[in-house]
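Let me begin by presenting the structure, written as structure tokens, before commenting on it.
The values are calculated or read from the model by the stated rules, or taken from the named source; none is laboratory data. What you see is a predicted model, and the numbers here were worked out from it, not measured in a lab. As a convention, Cβ positions derive from the backbone with ideal geometry for all residues, glycine included, and neighbour counts pool all protein chains shown.
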Amino acid sequence: MSWFPVSQGNPLVRFLHDVTEPLLEPVRRILPRTGMIDFSAMVVILLLYAMIYAVGRVSAG
């Protein structure tokens with residue numbers, strides 16, 4: 001959210017950072033830097049969708 005002019009002291013901003021950073025930080029360490037674009041959020045979302053799909057397939061039989 002670095003392109004939004006928000007205060008880092010804002011409780012909502014701190015909450016969002018605290019919730020998302022444990023998922024994003026490991027992906028950022030693995031992915032190579034791609035200029036100014038951070039693809040870690042997209043990778044995490046795709047991984048979560050894959051996990052949901054896999055759990056759905058396993059639970060369906």
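Looking at residue 57, is it of a type in the set (D, E, K, R), loosely packed, with under 11 Cβ neighbours inside 10 Å and either touching a Lys or Arg at 6+ places or on another chain (Cβ under 7 Å) or part of a helix (DSSP H, G or I) (or both)? Break it down stepwise before answering.
On the way: of a type in the set (D, E, K, R): yes; loosely packed, with under 11 Cβ neighbours inside 10 Å: yes; either touching a Lys or Arg at 6+ places or on another chain (Cβ under 7 Å) or part of a helix (DSSP H, G or I) (or both): yes.
So residue 57 passes the test.
From 33, 14, 28, 57, grab the single residue that is in contact (Cβ under 8 Å) with a residue 12 or more places away in the chain and not β-branched (Val, Ile, Thr).
28
If only one of 24, 16, 12 is aliphatic (A, V, I, L, M) and in contact with a Ser or Thr (Cβ under 6 Å, 6 or more places away or on another chain), which one is it?
That would be 24, the only listed residue that is aliphatic (A, V, I, L, M) and in contact with a Ser or Thr (Cβ under 6 Å, 6 or more places away or on another chain).
Got a number for residues in region 32-53 being at pLDDT 95 or above and over 21 Å from residue 22 (Cβ atoms)?
Qualifying residue count, region 32-53: 1.
I'm trying to understand the selection: among the residues of region 1-36, which are basic (Lys, Arg), surrounded by fewer than 11 Cβ atoms within 10 Å (Cβ to Cβ) and part of a helix (DSSP H, G or I)? Even if it seems obvious, please write down each step before you answer.
At the first step, the residues of region 1-36 found to be basic (Lys, Arg) are 14, 28-29, 33.
Cutting the leftovers down to surrounded by fewer than 11 Cβ atoms within 10 Å (Cβ to Cβ) gives us 29, 33.
Scanning region 1-36 gives a single hit, 29.
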